[in-house]
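Student: Take a look at the following structure, please.
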Amino acid sequence: MEDVRDVTDGARTTAALTALGVRPGEVLLVHASLRSLGRPEGGARGVLDALRRAVGVSGTVVVPAFTPENSDTSPHYRERVRGLAAGAVDAVRAAMPAYDPARTPAPSMGALAETVRTAPGAGRSAHPQTSFAALGPAAGRLLAGHRANCHLGEDSPLARLYEADARILLLGTGYATCTAFHLGEYRMPGPPRRGYRCVVMARGVRRWWEYEDVALDDGDFAALGAAFEDAAADGDVRAGPVGAADCRLVRLRPAVDFAAAWLTEHRRAGS
């Protein structure tokens, strides 16, 4: 028999989001673990509907729609080919599809991200590895101009979210997955850089493309998030339950500002 206490209906999810502080008209960058929420009615579609009711017709929902699956310089790829013979590795590389913003799935980003990406009227940014998807009236402005050799910096949707004074909604996830902290990496003085490579489509031809960008590292984001929450001003972080999950609603702008300073200090110190 189903335990009805584990089922969060759409109205209760919307009410919980509103109680957490989500307001009509705002821009939300959402990270979600549906498993942590319990068993929301309607699954990912039901959660998206609740989010859209909470932000209203003038609000915009944004999610990461990253595609590490089309890169051979990503941790995802290294894990996939670990222990394979050279011929098998070549086969994996040959089968990697070129990025297509209209069609390429983002399976590692979770069910909610895929639901946003495939929803009618959704937009998606152009970066072949770290795209974002969005629904709402601000989507076009937030997603435009995502330069192909700028993962998560000034020419990415994260910078546009910063300008929009967006908030981050951590639905059953922790600060370790807080993508916005990466913008803080770009705003460190002289951040380290590295090479990247992925499969793209150029004039109808599939090819490998190499470029250089900031070396992204989320290994200390959980500690960064804890430090930010300890130091946060009133209203910068709100906590509360949604379904079965402990959730956070965080102002993106102060989180990024804190991240830039904290990362500069702690990574230089090697701590």
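Throughout, read-outs are computed from the coordinates displayed, never taken from laboratory work. Predicted model, so just to flag it, every value in this text is computed and none were measured. Because the Cβ atoms are built from the backbone with ideal geometry, glycine has one as well, and the counts that use them run over all protein chains shown.
Student: Sort 83-92, 149-158 by packing, meaning the average of other beta carbons within 10 Å per residue, with the highest value first.
Tutor: So the peptides 83-92, 149-158, ranked by packing, come out 149-158, 83-92.
Student: Could you tally the net charge around L171, taking each other residue with its Cβ under 12 Å from the Cβ of L171, Lys/Arg +1 and Asp/Glu -1?
Tutor: Cβ neighbours under 12 Å give a net charge of +1.
Student: What share of Cα pairs, in percent, lie more than 24 angstrom apart in region 85-214?
Tutor: 35
Student: Let me ask you something else. For region 44-102, what ratio Rg/Rh do Cα atoms give with a Kirkwood hydrodynamic radius?
Tutor: Rounded to two decimals, Rg over Rh is 1.24.
Student: To the nearest 20 debye, what charge dipole does region 44-111 have about its Cα centre, counting +1 at the Cβ of each Lys and Arg and -1 at the Cβ of each Asp and Glu?
Tutor: Using Cβ point charges on Lys, Arg, Asp and Glu, region 44-111 gives about 200 debye.
Student: Given q = 0.13 Å⁻¹, what are the Debye log10 I(q)/I(0) values for the chain, with equal point scatterers placed on the Cα positions and solvent ignored?
Tutor: These q points yield log10 I(q)/I(0) values of -0.88.
Student: I would also like to ask the following. I need the shape label for region 1-156. Rule: rounded when a/c is under 1.5, else prolate if a/b > b/c, else oblate, with a, b, c from the alpha carbon gyration tensor.
Tutor: Because a/c hits 1.5 or more and a/b fails to exceed b/c, region 1-156 counts as oblate.
Student: Excluding V250 itself, what net charge comes from residues whose Cβ is under 9 Å from its Cβ, given Lys and Arg +1 and Asp and Glu -1?
Tutor: +2
Student: Can you compute the charge dipole magnitude of the chain about its Cα centre, using +1 on each Lys and Arg Cβ and -1 on each Asp and Glu Cβ, nothing else charged? Give it in debye, rounded to the nearest 20.
Tutor: 720
Student: Could you tell me the calculated FRET efficiency between A86 and A244, based on Cβ-Cβ distance and R0 = 35 angstrom, to the nearest 0.05?
Tutor: 0.15
Student: With 5 Å bins from zero, work out the P(r) of region 150-271 over every alpha carbon pair and list the percent per bin.
Tutor: So the P(r) values, bin by bin, are 2, 10, 19, 20, 17, 12, 9, 6, 3, 1, 0.
Student: Under a crude label model (7 Å from the Cα following the beta-carbon direction), how far is R203 from H266 in nanometres?
Tutor: Calculated label separation equals 4.7 nm.
Student: Taking the highest mean first, how do the peptides 192-199, 255-262 order by number of other beta carbon atoms within 10 angstrom per residue?
Tutor: With the highest mean Cβ count within 10 Å placed first, the list reads 255-262, 192-199.
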